[in-house]
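Chemist: Got a structure here, written out as C-alpha cells. Questions coming.
Every number in this text was worked out from the coordinates using simple rules, so none of it is lab data. Keep in mind that this is a model prediction, so the values were computed, not measured. Don't worry about glycine lacking a Cβ; one is built from the backbone with ideal geometry, like all the others, and counts go over all protein chains shown.
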Amino acid sequence: MRPELLNPLFAEVETLKGVGPGIAKALARLDLTRAVDLIYHLPTGTIERVRAPAVNQAMLGRIVVLDVVPFEVRAGAGRAPLRIFASDSDGNAITLTFFNNPAWAKKQLPLGEKKTIVGKLDAWGQEWQIVHPEVLEPSKAGEVALREPVYGLTEGISNKRMRELVLAALERTPDLPEWVESSLLAQNHWRDWRAALAEAHSDPDAMSARKRLAYDEIFANQLALMLLRQVARRKKGVPLQGDGRLSGQLQLPYRLTNAQQRVIGEIRGDMAQDRPMLRLLQGDVGSGKTLVALLAMLEAVEAGAQAAMLAPTEILARQHFSTLQRQCQALGVTVAILTGREKGRARESVLMGLADGSINILVGTHAIFQQHVGYKRLGLIIIDEQHRFGVSQRLLLAEKAVHPPHLLAMTATPIPRTLTLTHYGEMDVSRIDEMPPGRTPIETLVISDSKLADVIEGLGRHLAAGGQAYWVCPLVEESETVDAAAAEDRAALLRERFGLGRVGLVHGRMKGPEKDAVMTSFSSGELGVLVATTVIEVGVDVPNATLIIVEGAERFGLAQLHQLRGRVGRGSGASRCILLRGQNLSETGRARLALMRETNDGFRIAEEDLKLRGPGEILGTRQSGEQAFRVASPEDVAELAPIAQGDARLLLDRDGGLASERGQAARLCLYLFERDSAVGLLRSG
Ligand code: ADP
Ligand code: MG
C-alpha cells in the first residue's frame, strides 16, 4: 500500500475546483490549507429550515421557506431600509426588509409574482418580518435543504461555499484498507473510513461516525509515539554516571523531599544505561522540578557531557538561567543562555562555547536546537513545560545525533493519565507526589462578581502592604482581539484606581519582547498588579506575588485554574486565590468551583475536571495547549486513548515492520495524521 495514494489529499486547497488565492487565503485563516484539512473540517451543528404554506407563531425565530406574493413596495426615506410587503397563502402580510441593494431587491420581487423566500422569521412590532431573505423561483423551492450541516466559517466564505469545498475535497478520498482492528469495528458498529467521513459531513449528529474518526486520529498518535520510542532506542546512547563532585557541593537552603530523591534516583538510573533515557517527570506546580533538573544536569556535567534545557518561552528561559547561574557559579560550572534575543557577538560566543565544550549547561528556547548550534558533547536534554515539543521535533532529536542524548521532559500540567498517554505515551514516567514542607496552603475563595468593588478594595490593601498580585481575565470569545480588549478595560479600571505605573498588562496579541518587558517589571517589583489573559506563563515564579484574582472563573478548565493558582504560594508567606464567578452559575459550575476551594491536589482536580465538565461548559482548551486533535474531544481521548495504545502496541509486537496487510493500512493512517514525521518514523532501522 503506497502512501502516494494519499497525495491528492495533501494537495493545496488551490487544486480544488474554483479555489483561487482569495478563497485559499480565507481558508488559511481557519488553518485549512490542504484538501485533507477540509475533509476533517467537520460540521459543528445543523441548520434547520421549515417549509410551510403560511407563517404562524410557532415559526418565530426559525428559518422558513415560504411562497409569497409581493403586493407593495415602500422605499425608505434617507437611510431607512426598503420594505416590500408580501402575503403568504393564508393572506398573512410579511415585511421583507432590505438595508442595502434596494434596486436588486425590487427586481427580484416584482409585484404580483409568486416567489419563494428563505430567511429567519422575526416579529417587528405587530408585523411579521424577514430581513434580507434569499429569493428563489418557486420551482426551485424543492432544492432548499431542510437540514444542512453548519461549518466553522470565516469572512468571505459562506456556509454553502464551505460545504461545496468540503464535498469537493471528499471526492478525493480514496478507498483505503482498514487499519482499525476488526473486533473493535464490529463491537462499535463502525463503518469504514470513507463512509464514516461522508456520514460525519452529512449528519453532524452521527456520533458513531465521529467516534470512528476520532479513534483513527488517536490511533495514529499512539502508533507515532510507539514508533518514536523504537527510533529513539534504535541507536545506542552514552551512559553518563556522575561522581557527585559537583552535586555534593551544591548549597541548598533546604533538604530534598523524599519524592525528589526518589525521582532523581530513577533519572540517574536511566542515565547510567547505554540506552537513551526517555522519561517524563510529572510534578504539581511548585513541587520542585527545577532542582531535580539541575541535579540531572550536574550528573551529566560530572560525566564530562553537556546539558541543554529547553523552556517554552523567553521569560521562563531567563528565569531558569538566573536560578541556574546563581547555583552553579560556586561549582565552576558554566551556564549560558540562547534565545531568539541573543544575536551577533553574544550569539557567536555562545556557539563557540558550546562547540569547544567550555559551556556546560545551556538554557534557552527553541533556538537551542536550531541548525548551526553544534555541541561538543550533548548528553542530556531537558524539556520544561513544552507541550508543543511535538513528535516531529522529538524525532529530529533522536535522528540527528549518532548517540541520541538522554531526554527528560517535565510538566506540571496535572494531566490525567489518558492525556499523558497522548502527549508522552512513549516515555517512562516519574512523579513527584509530595510538596516541599513549610508551604502555607493557598487559601481559595469563590466570590460573586457583584462584589467586584470590594475585591478591588481588598487588592488595594494588599498592595499597600507591599504585596503584588495577578489579575486574570478570562477568554470570553474564540477571539484574541476581543479578549485583549476586555483585559485592556480591566487594566484601565485598575490603573485609574492604583496609578498607571503600578498596573501592567500582558495578553496574547502582544509581541514577545513587549510581553517580556512587562513581565520583567513585574518580577522586579516595579509593578504591583499584572493584568493578564491566561498568557501568564506556566512556571513564572514571583514569590512576592501572593494574591491572584481570576475573573470569570467558571469559564476556565479546572486544570487551568489550578495552574493559574500555582502562580502564587511560591514563597513562605500565606497566599490567596480569589475566584470571581458570574451570577448565574449552573449546578455543575458551582460544583467545579467548590472543588477548587476544597483541594489543592492537582491530580485530583484533573481527574474530576474530566468528569465534571459538562459538554459546552468549558471554554478555552486552546490556551492549555492540549488541543492536539482535530476530531477527538477530550472525552474521546479519555475513552479511546487506552484502547488505541493497547492496539498500537499489539500491532507492533506482532508486526514491528508494519509489513502485514493491516500493518500497511496502519502506515496509511500514520501518513494521514502524522505526515511530517511519518517518513522518519517508518524508516526501517
Ligand atoms: P516547579 O516544580 O513548579 O517547577 P520549582 O522548581 O519552581 O517548582 O520550585 C518551586 C519552589 O520550591 C522554588 O522556589 C524552589 O526553590 C523551592 N523548592 C524546591 N525544592 C524544595 C525543597 N526540597 N524544599 C523546599 N523548597 C524547595
Ligand atoms: Mg517549573
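Chemist: Just to confirm the number: angle between the C-alpha axis of helix 480-498 and the first principal axis of the chain, 0 to 90 degrees, nearest 10?
Modeler: Computed tilt is about 70 degrees.
Chemist: In debye to the nearest 20, how big a dipole does the chain give about its Cα centre with +1 on each Lys and Arg Cβ and -1 on each Asp and Glu Cβ? Don't skip to the end; give the middle numbers.
Modeler: On the way: 82 positive and 82 negative charges, 262 e Å.
Computed charge dipole of the chain: roughly 1260 debye.
Chemist: Ok, one more. Where does each of 92-101, 137-146 land if you order them by average Cβ count within 10 Å, highest first? Provide the component values of the computation, followed by the final result.
Modeler: Numbers: 92-101: 17.2, 137-146: 11.3.
Packing proxy ranking, top to bottom: 92-101, 137-146.
Chemist: Also, quick follow-up: What is the distance in Å between the Cα centres of the stretch 201-251 and the stretch 568-587?
Modeler: 34
Chemist: Let me ask something else about it. Suppose R0 equals 60 Å. What FRET efficiency, 1/(1 + (r/R0)^6) with r the Cβ-Cβ distance, do residue 524 and residue 139 give to the nearest 0.05? Can you show the working numbers first?
Modeler: Working: r = 74 Å, r/R0 = 1.23.
Calculated transfer efficiency: 0.20.
Chemist: Quick query: amide H of residue 76 versus all other amide H atoms, modeled in the peptide plane; which residues come in under 5 Å with a sequence gap of 5 or more or a different chain?
Modeler: Here 82, 83 satisfy the definition.
Chemist: Multiply the residue separation of residue 28 and residue 256 by 0.36 nm, subtract the distance between their alpha-carbon atoms, and state the gained length in nm to one decimal. Mind showing how you got there, number by number?
Modeler: Details: separation 228, 0.36 × 228 = 82.08 nm, distance 4.98 nm.
So the extension gain works out to 77.1 nm.
Chemist: Pop a pseudo-label 7 angstrom from the Cα along the beta-carbon direction at both residue 192 and residue 454 and give the gap in nm to one decimal.
Modeler: Here the modelled spin labels are 6.5 nm apart.
Chemist: Then there is this: Mind giving me the nanometre distance, one decimal, between the label points for residue 655 and residue 161, set 7 Å out from Cα along Cα→Cβ?
Modeler: 4.4
Chemist: Another question about this same structure. Provide the gained length on full extension for the span residue 176 to residue 236, in nm with one decimal, where the gain is 0.36 nm per separating residue minus the Cα-Cα distance.
Modeler: Details: separation 60, 0.36 × 60 = 21.60 nm, distance 3.68 nm.
17.9 nm is the gain from fully extending residue 176 to residue 236.
Chemist: Counting other C-beta atoms within 10 Å, and keeping those with at most 13, which DSSP coil GluC sites (Glu not before Pro) do you find in the stretch 501-590?
Modeler: Details: sites: 514, 526, 537, 551, 554, 587; in loops: 526, 537, 551.
In loop regions of the stretch 501-590 (DSSP not H, G, I, E or B), the sparsely surrounded GluC sites (Glu not before Pro) are 526.
Chemist: Residue separation times 0.36 nm, minus the C-alpha to C-alpha distance between residue 72 and residue 4: what's the value?
Modeler: On the way: separation 68, 0.36 × 68 = 24.48 nm, distance 6.13 nm.
Full extension from residue 72 to residue 4 adds 18.3 nm.
Chemist: Could you point to the residue in 334, 18, 300 farthest towards the positive end of the chain's charge dipole, with +1 and -1 charges on the Cβ of Lys/Arg and Asp/Glu respectively?
Modeler: Of the options given, the answer is 334.
Chemist: Another question, if that's okay. Kindly write out, for the stretch 660-675 in residue order, the coupling ³J(HN,Hα) from the Karplus curve 6.51 cos²θ - 1.76 cosθ + 1.60 (θ = phi - 60°), rounded to whole Hz, with x marking Gly and Pro.
Modeler: Result, ordered by residue: 5, 4, 5, x, 5, 5, 4, 4, 5, 4, 5, 4, 5, 10, 10, 4 Hz.
Chemist: For residue 440 and residue 517, FRET efficiency with R0 = 41 Å and r from the beta-carbon atoms, rounded to 0.05? Show your work: numbers first, answer last.
Modeler: On the way: r = 32 Å, r/R0 = 0.77.
The formula returns an efficiency of 0.85 here.
Chemist: Packing-wise, with mean Cβ within 10 Å as the measure, how do 443-449, 294-300 rank, highest first? Show your work: numbers first, answer last.
Modeler: Numbers: 443-449: 16.0, 294-300: 26.1.
The packing order, highest mean first, is 294-300, 443-449.
Chemist: Now for a separate question. Take every Cα pair under 8 Å in the chain that's 6+ residues apart, average their separations, divide by the length, and report that relative contact order as a whole percent. Don't skip to the answer; put the middle values down first.
Modeler: Values: 1213 pairs, mean separation 96.3, N = 685.
Value for the chain: 14 percent.
Chemist: Let me ask you something else. Treating the angle as unsigned and between 0 and 90°, give the value, to the nearest 10°, between the Cα long axis of helix 207-234 and the longest Cα principal axis of the chain.
Modeler: 20
Chemist: Follow-up. For the stretch 443-599, what class follows from the C-alpha gyration tensor (a ≥ b ≥ c being the square roots of its eigenvalues): rounded when a/c is under 1.5, otherwise prolate if a/b is larger than b/c, else oblate?
Modeler: Rounded, since a/c falls under 1.5.
Chemist: Something else now. What relative contact order, as a whole-number percentage, does the stretch 334-466 give when Cα pairs under 8 Å and 6 or more residues apart are counted?
Modeler: On the way: 86 pairs, mean separation 23.0, N = 133.
Contact order relative to length: 17 percent.
Chemist: What order do you get for 124-133, 14-23, 318-327 when each peptide is scored by the mean count of other beta carbon atoms within 10 Å, highest first? Can you show the working numbers first?
Modeler: Values: 124-133: 15.9, 14-23: 13.0, 318-327: 18.6.
Result, highest mean first: 318-327, 124-133, 14-23.
Chemist: Can you give the relative contact order of the stretch 47-148 as a percent, counting alpha carbon pairs under 8 Å and 6+ residues apart? Could the numbers behind the result be given before it?
Modeler: Numbers: 215 pairs, mean separation 30.6, N = 102.
The normalised contact order for the stretch 47-148 reaches 30 percent.
Chemist: Hey, can you grab everything whose amide H is under 5 Å from the amide H of residue 446? Only 5+ residues off in sequence or another chain; H modelled, so Pro and N-termini drop out.
Modeler: Distant-sequence amide H within range of residue 446: 579.
Chemist: Could I ask something else about it? With no solvent and one equal point scatterer placed on each C-alpha of the stretch 247-432, evaluate the Debye formula and give log10 I(q)/I(0) for q = 0.09, 0.11, 0.13 Å⁻¹, two decimals.
Modeler: Scattering profile of the stretch 247-432, log10 relative to I(0): -0.29, -0.44, -0.63.
Chemist: Under a 5 Å amide H to amide H cut-off, with H placed in plane at 1.01 Å, what residues pair with residue 309 once short-range neighbours are removed?
Modeler: Those qualifying (amide H under 5 Å, at least 5 residues apart or on another chain) are 362, 363, 364, 382.
Chemist: At a Förster distance of 60 Å, what's the computed FRET efficiency of residue 392 paired with residue 502, Cβ-Cβ distance as r, to 0.05?
Modeler: Working: r = 44 Å, r/R0 = 0.73.
Given R0 = 60 Å and the Cβ-Cβ separation, E is 0.85.
Chemist: Show me, for the stretch 124-138, the HN-Hα J-couplings you get by feeding each phi into the Karplus relation (A = 6.51, B = -1.76, C = 1.60, θ = phi - 60°), rounded to Hz, glycine and proline as x.
Modeler: Residue by residue, the stretch 124-138 yields 10, x, 8, 9, 7, 9, 10, 8, 6, x, 6, 10, 10, 6, x Hz.
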